[in-house]
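The values are calculated or read from the model by the stated rules, or taken from the named source; none is laboratory data. What you see is a predicted model, and the numbers here were worked out from it, not measured in a lab. Here the Cβ positions follow ideal geometry from the backbone for every residue, glycine too, while neighbour counts run over all protein chains shown.
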Amino acid sequence: MCHHGALFDTAARYRDAIDQCREPIATVMTAIAEADEGIVLLHCSAGKDRTGSIAALLLSLAGSTKCHFPALARR
């Protein structure tokens, strides 16, 4: 808990990250879209939630009706 009484807004953090990282996200999405047919491995290197954000975007583009990432669903 924050000592200043403010709650950490996880949803806002993810929305801001996507808004601020449009170019790198576009680069990743393009690389995935242009990959050879087969499996694409997506993994993290530093645990900064970027991989989860990309996975949520991919699920959304694939037409997933289940909300796998509630913070993004509120956009």
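Could you check region 33-54 and list, in sequence order, the residues that are surrounded by 13 or more Cβ atoms within 10 Å (Cβ to Cβ) and modelled with pLDDT of 85 or more?
The first filter runs over region 33-54 and keeps only residues surrounded by 13 or more Cβ atoms within 10 Å (Cβ to Cβ), leaving 42, 49-54.
Across region 33-54, the qualifying residues are 42, 54.
Criterion first (among the hydrophobic types (A, V, I, L, M, F, W, C), exposed (fewer than 13 other Cβ atoms within 10 Å of the Cβ) and at pLDDT below 70) does residue 62 satisfy it?
For residue 62, the condition - among the hydrophobic types (A, V, I, L, M, F, W, C), exposed (fewer than 13 other Cβ atoms within 10 Å of the Cβ) and at pLDDT below 70 - is not met.
Look at residue 30 and say whether it is more than 11 Å from the chain's Cα centre (by Cα), closer than 20 Å to residue 61 by Cβ and either modelled with pLDDT of 90 or more or of a type outside the set (Asp, Glu) (or both).
So residue 30 passes the test.
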